[in-house]
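Participant: Got a structure for you, written out below as structure tokens; questions coming shortly.
FYI, it's all coordinate maths here, none of it is from the lab. Not measured: the values here are computed from a predicted model. So basically every Cβ, Gly included, is an ideal-geometry build from the backbone, and we count neighbours across all protein chains shown.
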Amino acid sequence: MSEALAKKLVTIIISSLPGQENFNARYLLRNRMAVRIKGPVDAVRCIQQLAEDPARMQLIREKVEAVSRPNSSLDIADFVLQNMARRRKSNIHV
């Protein structure tokens, strides 16, 4: 799901894996940034409904864009590297 957020896609959720994926799914659904369907049979109907409602699609995309952090992995890696460099300069070892 984080990949879909990074790409600012509307997510249709059938099920989610326990743990982080389940947490992400609940967050997206609670904030109306995703749509839940009961199974694959509902996918066509759901896609048709979304395609026929451009205002809803736009609202979902705007909400997703507000929380999307496509560079979050790079930001975290940069943060870690900067902290490692600071620790080395001050001779603090972890």
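Participant: Which distance in nm do the two modelled labels at Val44 and Arg69 give, with both placed 7 Å along the Cα-to-Cβ direction?
Facilitator: 4.0
Participant: Compute the projected area of the convex hull of the Cα atoms of segment 1-66, averaged over all viewing directions, and report it in nm² to one decimal place.
Facilitator: Values: hull surface 17.1 nm².
Over every viewing direction, the Cα hull of segment 1-66 projects on average to 4.3 nm².
Participant: Would you work out which of Gln48, Leu9, Ser68 lies farthest towards the positive end of the dipole of the chain? Charges go on Cβ: Lys and Arg +1, Asp and Glu -1.
Facilitator: Comparing the listed Cα positions along the dipole, Ser68 ranks first.
Participant: Modelled label-to-label distance, Arg88 and Ser2, 7 Å Cα→beta-carbon offset: nm?
Facilitator: 2.5
Participant: Do the sum for the chain: with -39,500 (n - 2.57) for every DSSP H run of n ≥ 4, divided by all residues, what is the mean residue ellipticity at 222 nm, to the nearest 500 deg cm²/dmol?
Facilitator: Computed ellipticity for the chain at 222 nm equals -19500 deg cm²/dmol.
Participant: Further, regarding this structure: Using a simple charge model, +1 on the beta-carbon of Lys and Arg, -1 on the beta-carbon of Asp and Glu, nothing else, what dipole does the chain show about its Cα centre, in debye to the nearest 20? Can you show the working numbers first?
Facilitator: Working: 16 positive and 9 negative charges, 78 e Å.
My answer is approximately 380 debye.
Participant: Any idea how many Lys pairs in segment 2-89 come in under 30 angstrom at the alpha carbon, given 8 or more places apart or on separate chains? Numbers along the way, then the final one.
Facilitator: Details: Lys7/Lys38; Lys7/Lys63; Lys8/Lys38; Lys8/Lys63; Lys38/Lys63.
Going through segment 2-89 pair by pair, I get 5.
Participant: Under 5 Å between amide H atoms, partner at least 5 residues away or on a different chain: which partners does Ile14 have, H built in plane at 1.01 Å?
Facilitator: Ile37
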